[in-house]
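The values are calculated or read from the model by the stated rules, or taken from the named source; none is laboratory data. Please read these numbers as outputs of a predicted model, since none were measured by experiment. Please note: Cβ atoms are built from the backbone with ideal geometry, for glycine as well, and neighbour counts cover all protein chains shown. SASA here: full protein model, heavy atoms, side chains in, ligands and nucleic acids out. Shrake-Rupley method; radii C 1.70, N 1.55, O 1.52, S 1.80 Å.
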Amino acid sequence: MGVSERDVLVVVDVQNDFVSGTMAIPGAKSIIAPINAMARVFANVVVATDWHPVGHVSFASAHQGTVHGDVVDVFYGRQRVYHDHCVQESWGAALDSELALGKAQLILRKGYRMGVESNGAFWENDEVTPTGLGDYLRARGIRRVFCCGLARYGCVMQTALGAVRDGFEVMMVDEASAGRPRDDEAEVLAMLQQRGIGWVRSAEI
């Protein structure tokens, strides 16, 4: 599968807290080598990162009586809460030191509004507020988006779904995305296929 000037690699949340910190994901280190290899091939690379203020709505510590994994009601619906993670300017918010993404043209900060989470890089969780990434990529003439990073069925999947919503052709990169297993994985994969999201391995690019 060849890539062109109209393709972009979007690397999602490969940050210290998700690799080895408060929200460490099994297998996270294994995705770094294929991401670095793909970055050498793509002319266009975008990095998306969580960038939460202290007391962010996605933190269990911000909701009295809740613990990691609970769900709370917020103005835009239901929001799962987690350990504090990727706090602005902290070690946990920094990209993993083994990433070689110096050529990235854009680092997109998401989840920086106190009261709104932003799992995906294209749309915030209220589902009405765009991050601006779609407009940026259209202005650059991008047509196809390759998504990878952490976590596979969390922020990477939500980024892919947001890219489809914005009219892009979308692929998720298999071994360049890691995440915890899901009991409903078959249903999730069927949903992604229905939305037109394909899968590719980095060696095919």
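The figures follow:
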read-out: Filter pass, Thr22 being over 16 Å from Met172 (Cα atoms) and in a strand (DSSP E or B); value: no
read-out: Strands (runs of 3 or more DSSP E) enclosed by the stretch 58-142 - at least 2 residues per element that are in contact (Cβ under 8 Å) with a residue 60 or more places away in the chain; value: 106-110
read-out: Qualifying residue in the stretch 45-54 (condition: over 19 Å from the mean Cα position of the chain (by Cα) and open to solvent by 60 Å² or more (accessible area, probe 1.4 Å)); value: yes
read-out: Of residues in the stretch 91-131 being among the polar types (S, T, N, Q), buried (at least 17 other Cβ atoms within 10 Å of the Cβ) and out of contact with any Asp or Glu (no Cβ under 6 Å at 6 or more places or on another chain), the one farthest from His52 (Cα to Cα); value: Thr131
read-out: Residue in the stretch 31-44 that is touching a strand residue (DSSP E or B) at 6+ places or on another chain (Cβ under 6 Å) and small (Gly, Ala, Ser) present; value: yes
read-out: Val173 vs. criteria touching a strand residue (DSSP E or B) at 6+ places or on another chain (Cβ under 8 Å), part of a strand (DSSP E or B) and of a type in the set (Val, Ile, Thr); value: yes
read-out: Count of residues meeting criterion [assigned to a loop (DSSP other than H, G, I, E, B) and either under 22 Å from Phe122 (Cα atoms) or open to solvent by 20 Å² or more (accessible area, probe 1.4 Å) (or both)] in the stretch 25-44; value: 5
